[in-house]
Amino acid sequence: MSNSSSLNEFLLLAFADTRELQLLHFSLFLGIYLAALLGNSLIITAVACDHRLHTPMYFFLLNLSVLDLGTISTTVPKSMANSLRDTRAISYSGCAAQVFLLFFLLGGEYCLLTVMAYDRYVAICKPLHYGTLMSTRACVKMTAAAWGSSFLYSVLHTANTFSIPLCQGNTVDQFFCEVPQILKLSCSDSYLREVGLLVVSGCLIFGCFIFIVLSYVQIFTAVLRIPSEQGRHKAFSTCLPHLAVVSLFVTTDVFAYLKPPSLSSPAVDLVVTILYSVVPPTLNPLIYSMRNKELKDAL
């Protein structure tokens with residue numbers, strides 16, 4: 001039996017054993033990573049350089065793209081490098097860094113999506129007060145609160161996870177260091193603290209989700225009261241990208257962590273993990289730019 005104090009590396013899940021399939025995995029992940037890199041970088045550049053996009057909505061979108069870039073860069077490059085070098089190893093410190101960054105970036109993304117829901121609520125339900133409630137100072141404060149909260153949340157989770165003794169080997173059945181897979185390596189009576197922390201996290205996430213739902217209930221109520229069809233369509237069009245991103249983010253995360261044990265298998269776990277860690281950062285730029293004329297013009 002090995003103890004966490006003596007571990008100096010973990011072994012990640014290998015996508016394939018043959019060299020040809022390893023290179024195929026590398027090529028597929030490289031294509032996905034380059035697409036995410038290009039899409040998010042274009043949005044960041046457009047918002048930063050075009051003064052017409054210096055508004056609260058696009059300021060939040062810029063921060064969301066930075067978080068998306070960080071999320072996919074935390075997991076995919078290491079997996080690609082392992083396939084290219086025909087290895088499964090990740091250092092203990094590298095594994096801890098992955099856990100920290102994932103909680104930090106995914107937590108920040110969820111907080112930011114909550115702030116963006118509030119921005120849409122104020123824009124549609126309180127348009128006369130928008131300039132006051134969503135001033136530059138207020139936007140910076142809300143964004144800083146989202147980043148700061150996710151940082152504390154990440155420190156708490158990472159410290160708690162890696163303080164638990166590990167006595168079930170060092171093989172992580174996932175292509176990056178995922179907390180549920182690390183907990184499977186812990187001693188049977190040592191993981192209750194982390195489970196308790198995950199329950200508290202679930203309550204906080206559920207609270208943010210309720211806030212988003214209530215915001216959209218009021219938004220849709222206000223939009224349906226707009227007399228002109230063109231006005232209703234314009235109001236809905238500003239909300240649809242955010243609503244699509246929230247739906248994608250929440251459904252993949254909820255299914256990943258709350259799926260019934262009967263559906264759990266290595267193949268299913270792998271697919272679900274790719275859905276919540278790789279797909280949203282790649283699709284978010286496409287979702288936001290698809291029907292956004294201002295963003296298209298800036299690009």
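Things worth noting here:
- In a DSSP loop and with at most 16 other Cβ atoms within 10 Å, the trypsin sites (Lys or Arg not before Pro) in the stretch 196-252 are R225.
- Anchor K296: lysines whose Cα lies under 30 Å away (excluding residues fewer than 8 positions away in-chain): K126, K141, K234
- For the chain, pairs of C-alpha atoms spaced more than 29 angstrom apart make up 40 percent of the total.
- Candidates D68, D119, D50, ranked by Gaussian network fluctuation over the chain, Cα under 10 Å, top entry: D50
- In this structure the stretch 47-189 gives 40 Å² per residue of accessible area when probed at 1.4 Å with all protein chains present.
- Computed Rg/Rh of the stretch 133-243, alpha carbon atoms with Kirkwood Rh: 1.18
- The chain, helix-only ellipticity at 222 nm - DSSP H runs n ≥ 4, -39,500 (n - 2.57), divided by all residues, nearest 500: -25500 deg cm²/dmol
- The orientation-averaged projection of the convex hull spanning the C-alpha atoms of the stretch 50-159 amounts to 8.6 square nanometres.
- Counting protein heavy atoms only, the chain has 69 percent of its accessible area on carbon and sulfur, 1.4 angstrom probe.
The values are calculated or read from the model by the stated rules, or taken from the named source; none is laboratory data. These numbers were taken from a predicted model, which means no experiment stands behind them. FYI the Cβ positions are ideal-geometry reconstructions off the backbone, even for glycines, and counts take in every protein chain you see. Protein only, heavy atoms only, side chains kept; ligands, DNA and RNA dropped before computing areas. Shrake-Rupley method; radii C 1.70, N 1.55, O 1.52, S 1.80 Å.
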